[in-house]
Amino acid sequence: MNKMLRDERVTLSHGGGGKAMRDLIQSVFTDVFEPESSEDQARLMSDALLEKGAKLAFTTDSYVVTPVEFPGGDIGKIAVCGTVNDLAVGGAKPLWLSAAFIIEEGTEIALLRRIVASMKAEADKAGVKIVTGDTKVVGRGSADQVFITSSGVGVIPADRDIRADSIQDGDVAIVNGVLGDHGATILAARGDMMLMSDLQSDCAALGHLMEAVCHAVPVRACRDATRGGIASSLNEMAEAAGLSIELDETTLPLRAEVKGTCEILGLDPLYLANEGTLVLFVAPEHADAALAAMRSVDTGRDAAIIGRAKAGTPMVTMKTAFGGSRIVDMLVGEQLPRIC
Amino acid sequence: MAFQIRIRGQVQGVGFRPFIWQLAQRFGIEGDVRNDAEGVLIRCVCVDDGFLNAIRAETPQLARIDAVEVSEIDAALGKGFTIAQSGAKGAETRVTPDAATCPDCVTEIRSAGRRHGYAFTNCTHCGPRFTILKQLPYDRAQTSMATFDMCDDCAAEYGNPADRRFHAQPIACPACGPHVLIEPAAVDPIADAARRLLDGQIIAIKGLGGFHLCCDATNPDAIAELRRRKHRPTKPLALMGPIDVIETYARISDSARELISDPAAPIVLLNKAAPLPDGLAPGQTQLGWMLPYTPLHHLILDAIQRPLVMTSGNLSGEPQVIGNDEAREKLGQFADAFVMHNRDIQRRLDDSVERADPPMVLRRARGRVPGTFPLPPGFEQSKPIIAYGGQMKSAICLTKNGQALLGHHMGDLDDLLCGIEFEKAVADYSALFDHSPAFAAVDAHAGYRSTQFAQTQSVEQIEVWHHHAHMAACMGENLWPLDGGKVVGLIMDGTGLGPDGTLWGGEILLGDYRGFDHMGGLSPAPLAGGDMAAREPWRNAMVRLDQAGLSDWADNLFPNAPRDILRHAVAKGLNAPMSSSAGRLFDAVAAVLGICPMGQSFEGEAAMRLEALIDPAEKHGYAFRVSNRQIDPAPIWQQINDDLRADTSREKIAARFHLGLAKVFAAQARDLVQSGQAQAIALSGGCFQNAALLQMVCNALDDLPVLIHRRIPANDGGLAFGQAMIAAAKTI
Ligand SMILES: [Fe+3]
Ligand SMILES: [Mg+2]
Ligand SMILES: [Zn+2]
Ligand SMILES: [Zn+2]
């Protein structure tokens, strides 16, 4: 490791293309990620690609999180998990990732190292390789410490076809764990909520979970519930499937702290962001096997049925504790009060 | 040479043609009478002043004459006087609201005869109309009565112009009409229902526009049990009783007696006279009463001789149940037995809720809908508009040919069934009114489901600001002309989106139907937790006390509330949008006085209880700070605090707050009128359901022209009417 870089901050010269930049990239990124190719491209090969009928899956996402480190994770972990999850929920086995960093002048290099280490650890855990990347340095105020864009490539086996429009009337909706932890944790870490609790982001890569459940039962459809919460994912799925999705308020897996915090702040946990939560649909006769498979994996320990698909107008509804049903909308911008 | 008499107004389906036939017999008039698209048309050989006067003087109870126009025509008329049958073209184009059982029919069910004890007795002066209608024209075949073939006796009455059942579409008798049943089954359903009620049981009863849940209103245990089962801790329960029973328990003025006896049979809010169990309406000085309005109600009340709780039969937040199977499925958890019948309800209509002194409609539904309102002068040529209303007290409005049809109250559109009902109502009223809109008027709040639904329709939309719509609803109801000049709108409301992106609700507007300027209003405060602020009054008290530098007092008042988290959220702007809501200011004052500070169990509870406290003898009002028409409530908190320390009663404090608020708003309006900038003052917004506030503002402006709501709700139930007026004015 280059000693000169320890305890220093990123300056504009680190983005200048000269030796400073090379040192930064070498010591902070390449030493950790160890890409196989020294060319400016990754050259990829996998047996999975050779299977007849297999499909390549390719996804990209940008990550902007404030604060960049929070209980249970950091922006690097989210970047890996988010991209792995985008692949996994489509039935792909995630294989390779890229990572492009936009770094604000003045960012602590120690922070960068922590982020990169956490990316590496998460990638190893998820069984993916970070094979290519890029860095850019921008002036103060042009970014907030670090922004990361990561793309991912995976392979979908020939026998899998996971898509929202294949959901059938009666299919069961299952989530892998409690809702809203990430959103609530981020609010807490921002100091927006003075929370006493030890809330942790649910940030996790779900590739292993998906492999487990896909081997157990045919999964009809799956989405990860990130920004916009479970409500937005389910609305998208209802729309794509042309079916209504009915939730049951009394069975929603919610941590008491998250529920309480939401009540105080007037927020709806269904709209809170998650980073390690997916919702999938299986035929009702496969629900038990799916639950068992999910619960056998760490990230699916709290898996629960939250509702089912029904023929009807594409929308999401929730049976309330007193038996009525309310419409769970797609979030329209910032939610402004409507009680008059 | 002959004459025609054109009669406009509510003249179809109300026994108008037989009424004319009978007059013609009396005055010896020859000619005929028919219904057509414009109303009723009489043709006669000669016109007699006595005949014309009698048409107006003796109009049937359910009819309303807007105009009588006489002109000469060329026609050869036969001998005698005939009633022309309704052909396809001359079909009855309108249907009137449902009407309470008339005195003649009540007498009939209590007397020996073929309709003795018959629960479906009706005549042209009473009975179901809109709630049994499938589609127009209003003919028996198009109603729930289509499956019942008239017996010979009924057919004879139906065909006899001298009979009060001439062309009464829902005519029936025990031999041919619907019948009552009770589940679990019993030989005499009425007697069994009465026995159960007297036992303290809860019964679901099928009414005109939906099911009710009923129990003995003098039995505190039954009331507590009903509340427990319905998860309805404190929201007032409506009561039903015959007039003599109501007079025992309530103080009833002449105007209230007239209102409660109206064929619309609304729930009327009346002051308590003798005690009934506290659980009926905790903390309220008024109870909502209505008279029995179907023969079934009369029969049950005759059998038990005491008041009944009549609350709508629904799951919390859902629309009232109307079908028998639906009732069994949904109300089974609440009711010990069901009193039902085999006449289907086609349209769900809640009971209307009204006040007599001063007259106002709080919830407009059964008995009032589908009544229409004339549009003001200047709107004669306006294009047909559909207006989609608000979010929480949804109702739609259609305008056409100088008339506005304001649909029934439907409730919070976030509820799935309310949302479905809303979408159905749009199609249904459009078909009934033969309406194809040129423009759609919507609230500017993109989060309202009504606005979102309008966006799925193909009609060009006109966005209307919430409080401009309230103002225009008040102007329109009062027939303020299109070009009548500018009006000051004093709008005191919950929250609605303002053009500056904040939530308005205590505003002084100056304008007309086409536009407005914002002249001032309440100083804003954050809504801590967004809509949660409307549920928990203490949040509003805390932010207002913090603004006034009295945070310590807030800490003392609400020691166990999560104050720090919310203050933090407010400071960070996390779900704490700014709002000048008047409704939330009432909540804040209520919370400071200890009125349900930690949570209201229904909308408006805190404000209603604050109003109920008022000491009517109090004359003094708190002083607000005013600069540039900005009304800052900050100074009132110290005055309240001083009063509390001086042991001033909460009754006086409640009065002083109301008086201070009324006076400060009234002073701004007065100034705008006296300086010649406005011709009149319109009072609108949900806070004007508060009779005390309305009276105080009116008193402060008693020498100036003031427009107030009477038949159109001041709350969001009237919003669609105002939206329609604005869209019509902008597109003329
Ligand atoms: Fe309003
Ligand atoms: Mg993506
Ligand atoms: Zn009658
Ligand atoms: Zn009969």
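For the condition closer than 29 Å to B:GLY209 by Cβ, surrounded by 12 or more Cβ atoms within 10 Å (Cβ to Cβ), away from ligand 2 (no atom under 16 Å from the Cβ) and free of Cβ contacts under 8 Å to residues at least 60 places away in the same chain, what is the one hit in B:ILE55, B:ILE65?
B:ILE65 is the lone residue from the list that is closer than 29 Å to B:GLY209 by Cβ, surrounded by 12 or more Cβ atoms within 10 Å (Cβ to Cβ), away from ligand 2 (no atom under 16 Å from the Cβ) and free of Cβ contacts under 8 Å to residues at least 60 places away in the same chain.
Say we look at the range B:166-191 and pick out the residues that are open to solvent by less than 60 Å² (accessible area, probe 1.4 Å), of a type outside the set (A, V, I, L, M, F, W, C) and modelled with pLDDT of 95 or more; which of these is farthest from ligand 4 (Cβ to nearest atom)?
Of everything passing the filter in the range B:166-191, B:GLU183 is farthest from ligand 4 (Cβ to nearest atom).
Hey, could you check the range A:298-337 for residues that are open to solvent by 80 Å² or more (accessible area, probe 1.4 Å) and assigned to a loop (DSSP other than H, G, I, E, B) and say which is nearest to the other protein chains (Cβ to nearest Cβ)?
For the range A:298-337, the residue satisfying everything is A:PHE322.
Every residue in the range B:365-374 that is open to solvent by less than 20 Å² (accessible area, probe 1.4 Å) and at pLDDT 95 or above, please.
B:ALA365, B:ARG366, B:GLY367, B:VAL369 - these are the residues of the range B:365-374 that are open to solvent by less than 20 Å² (accessible area, probe 1.4 Å) and at pLDDT 95 or above.
Can you tell me which residue is farthest from ligand 4 (Cβ to nearest atom) among those in the range A:84-114 that are among the polar types (S, T, N, Q) and not in a strand (DSSP E or B)? Write out each step before concluding.
Just the residues of the range A:84-114 that are among the polar types (S, T, N, Q), to begin with: A:85, A:98, A:107.
From the residues that got through so far, the ones that are not in a strand (DSSP E or B) too are A:85, A:107.
On the way: A:ASN85: 70, A:THR107: 89 Å.
My answer is A:THR107.
Among the residues of the range B:308-315, are any in contact with a Gly (Cβ under 8 Å, 6 or more places away or on another chain) and assigned to a helix (DSSP H, G or I)?
no
When you go through B:GLU318, B:GLU329 one by one, which is the residue that is within 14 Å of another protein chain (Cβ to nearest Cβ), assigned to a loop (DSSP other than H, G, I, E, B), of a type in the set (D, E, K, R) and under 16 Å from B:LEU213 (Cα atoms)?
Values: B:GLU329 fails: assigned to a loop (DSSP other than H, G, I, E, B).
Exactly one residue qualifies, and that residue is B:GLU318.
Let's see how each residue does on (1) within 16 Å of ligand 4 (Cβ to nearest atom); (2) loosely packed, with under 15 Cβ neighbours inside 10 Å; (3) within 14 Å of another protein chain (Cβ to nearest Cβ):
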site	(1), (2), (3)
B:ALA76	no, yes, no
B:TYR118	yes, no, no
B:CYS126	no, no, no
B:LEU133	no, no, no
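Exactly one condition in (1) among the hydrophobic types (A, V, I, L, M, F, W, C); (2) outside any loop (DSSP other than H, G, I, E, B); (3) open to solvent by 30 Å² or more (accessible area, probe 1.4 Å) is not met by B:ALA623; state its number.
(2)
Being in contact (Cβ under 8 Å) with a residue 40 or more places away in the chain, part of a loop (DSSP other than H, G, I, E, B) and open to solvent by 60 Å² or more (accessible area, probe 1.4 Å) is the requirement here; does A:ALA273 meet it?
When the stated conditions are applied, A:ALA273 does not pass them.
How many residues, within the range B:250-278, are surrounded by 20 or more Cβ atoms within 10 Å (Cβ to Cβ), within 24 Å of B:ARG650 (Cβ to Cβ) and either touching a Ser or Thr at 6+ places or on another chain (Cβ under 9 Å) or among the polar types (S, T, N, Q) (or both)?
2
Let's see how each residue does on (1) outside the structural domain of B:ALA265 (by TED's automatic domain parsing); (2) in contact with a helix residue (DSSP H, G or I) (Cβ under 6 Å, 6 or more places away or on another chain); (3) open to solvent by 20 Å² or more (accessible area, probe 1.4 Å):
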residue: B:ILE304; (1), (2), (3): no, yes, no
residue: B:GLY317; (1), (2), (3): no, no, yes
residue: B:GLY323; (1), (2), (3): no, no, yes
residue: B:VAL339; (1), (2), (3): no, yes, no
residue: B:ARG363; (1), (2), (3): yes, no, yes
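Looking only at the range A:75-90, filter to residues that are away from ligand 2 (no atom under 11 Å from the Cβ) and under 21 Å from A:ARG220 (Cα atoms); which one of those is nearest to the chain's Cα centre (by Cα)?
Ranking the qualifying residues of the range A:75-90, first place goes to A:VAL84.
Working only within the range B:554-596, note down all residues that are assigned to a helix (DSSP H, G or I), more than 14 Å from chain A (Cβ to nearest Cβ) and open to solvent by 30 Å² or more (accessible area, probe 1.4 Å).
Scanning the range B:554-596 gives B:ASP555, B:ASN556, B:LEU557.
Residues that are more than 14 Å from chain A (Cβ to nearest Cβ), open to solvent by 10 Å² or more (accessible area, probe 1.4 Å) and not in a strand (DSSP E or B): does the range B:488-506 have at least one?
no
Could you list, in sequence order, all residues of the range A:245-256 that are open to solvent by 20 Å² or more (accessible area, probe 1.4 Å) and either out of contact with any Asp or Glu (no Cβ under 7 Å at 6 or more places or on another chain) or part of a helix (DSSP H, G or I) (or both)?
Listed by number, the residues that qualify are A:GLU246, A:ASP248, A:GLU249, A:THR250, A:THR251, A:LEU252, A:LEU254, A:ALA256.
Condition first: open to solvent by less than 20 Å² (accessible area, probe 1.4 Å) and outside any loop (DSSP other than H, G, I, E, B). Now tell me which residues in the range B:341-361 satisfy that.
B:HIS341, B:ASP351, B:GLU354, B:MET360, B:VAL361, listed by residue number.
Just the residues that are among the polar types (S, T, N, Q) and away from chain A (no Cβ under 14 Å), please, taken from the range B:375-427.
The answer is B:GLN381, B:SER382, B:THR399, B:ASN401, B:GLN403.
Is there a residue in the range B:648-661 that is in a helix (DSSP H, G or I) and within 21 Å of B:CYS474 (Cα to Cα)?
Yes, that holds for at least one residue.
The values are calculated or read from the model by the stated rules, or taken from the named source; none is laboratory data. Just so it is clear, the structure is predicted and the values come from calculations on it, not from any experiment. Cβ coordinates were reconstructed from backbone atoms using ideal geometry, including for glycine residues, and neighbour counts include every protein chain displayed. The accessibility values were calculated without ligands, DNA or RNA, using every heavy atom of the protein model including side chains. Shrake-Rupley method; radii C 1.70, N 1.55, O 1.52, S 1.80 Å.
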